[in-house]
Amino acid sequence: MSTTSTNTPRNPVWLITGASSGFGLALAKETLSRSHAVIATSRSTSSRGMVSLASLGAQTLALDVTASESELSETIAKAASLVPGGRITHVVNCAGYILEGAVEETTQEEVRKVFETNVLGSVNVARAVVGKLRETKGVLVNMGSLGSWMSGGGFALYCSTKWAVSGLTEGLRDELKPFGIRVCCVEPGYTRTSFLAEGGGHRFKAVRALERYDGLGYRERLNAYNGEQPGDVDRCAVAMVDLLTGTGMAEGKEIPMRLVLGSDCLEVVRNKCESTLKLVKAWETVSRFADGQR
């Protein structure tokens, strides 16, 4: 398919954060293959992924989701100036990383940084772009995860950031609906990208390792998943673009509040819902006791 992007009054214009690799890179490539206009952003524009996107016709721009409010506003204004008419129709927050380690092993600084990027980064971008999306009645997407539904030892902090992002997105959907802005949280399962690769730039281990956690399996989990993920990131990108533009397999359908991607994530969501209903039923008497009598 052609990789020449265009910007017409009806053609989608995408602003994608974290576009240098993983979901951001795959999504940018898929949108370019459909001749959509793309503004691909990352902390640096010199990485191999960003250079490849520029060669395919994307506009590339340095954007740090943890930057100050004034810096982000300036960057979004600059992004809009890169396309005729300054219109942006789709914004997708893909920037993020995983902090590996038991909670006790992590430092306050490590915890602050992962929340600052994964959660506050999504908040920062949403606040900066909402004005542009009001103009186009556009689409705002945040990236949740299988970890939005299930946490575990060794990566509880990462999962908690993704729970927060999914909750944030649900609230944003309600807030922005009156302005014609559609909001969605994409929640993929384990997907074959460089995200879990050691040295891949998205997996960081806590500096401190405590012997008491050795042999519990926490340290081996992510290595076991790396390279064995069932999800295909390019197929995920096709599904996302279809969904967010109402084309292909999503033609005639409304954008949902959540999009679960991957059979493993489907299974986790089903099990979580079933186990939660069982939990509620088992403790219903105690729960109702809390109401008291009037």
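Derivation of every value follows stated rules applied to the coordinates shown; laboratory data play no part. Quick caveat, the model's predicted, so the values are computed rather than measured. Positions of Cβ are backbone-derived with ideal geometry, glycine not excepted, and every protein chain shown enters the neighbour counts.
A few points about this structure:
- Helix axis angle, 156-176 relative to the chain longest principal axis, alpha carbon, degrees: 50 degrees
- Among L277, L222, L261, residue whose mean-square fluctuation peaks in a GNM of the chain (springs only between Cα atoms under 10 Å): L277
- Kirkwood radius and radius of gyration were both taken over the C-alpha atoms of segment 88-211, and their ratio Rg/Rh is 1.02.
- Amide proton proximity set for E100, modelled H, under 5 Å, gap of 5+: F204, K205, A206
- Within a Gaussian network of the chain (alpha carbon springs, distance under 10 Å), most fluctuating of V165, V125, V280: V280
- Build a GNM of the chain with springs between Cα atoms under 10 Å apart, and of C273, C236, C159 the one that fluctuates most is C273.
- Contact order, relative form, for the chain: 17 percent (alpha carbon pairs under 8 Å, 6 or more residues apart, mean separation divided by residue count).
- Links that overshoot a 22 Å alpha carbon limit, given the list K132/K253; K132/K177; K113/K162; K78/K137; K29/K113: K132/K253; K29/K113
- Gap separating the Cα centres of segment 93-145 and segment 247-267, nearest whole Å: 21 Å
- Over the residues of the chain, the helix contribution to mean residue ellipticity at 222 nm works out to -13500 deg cm²/dmol, using -39500 (n - 2.57) for each DSSP H run of at least 4.
- 5 Å-binned pair-distance histogram of the chain (Cα, whole percent): 1, 5, 11, 16, 18, 16, 12, 8, 5, 3, 2, 1, 0, 0
- With coordinates expressed along the principal axes, the C-alpha atoms belonging to segment 1-97 extend over 37, 28, 18 Å, beginning with the largest.
- Volume of the convex hull of segment 223-294 (Cα atoms only), normalised per residue: 161 Å³.
- For segment 276-292, putting each phi into the Karplus relation 6.51 cos²θ - 1.76 cosθ + 1.60 with θ = phi - 60° gives couplings of 5, 5, 5, 5, 4, 5, 5, 10, 4, 4, 5, 4, 6, 4, 5, 5, x Hz, in residue order, rounded to whole numbers and with x for Gly and Pro.
- Between the Cα long axis of helix 69-81 and the first principal axis of the chain there is an angle of about 40°, rounded to the nearest 10.
- Rounded to the nearest 20 debye, dipole of the chain from Cβ charges on Lys, Arg, Asp, Glu: 660 debye
- The residue list M257, T247, A128 was ranked by how far each Cα lies along the charge dipole of segment 13-289 toward its positive end, using unit charges on Cβ atoms, and T247 comes out on top.
- Degrees, to the nearest 10: 121-136 long Cα axis against longest axis of the chain: 40 degrees
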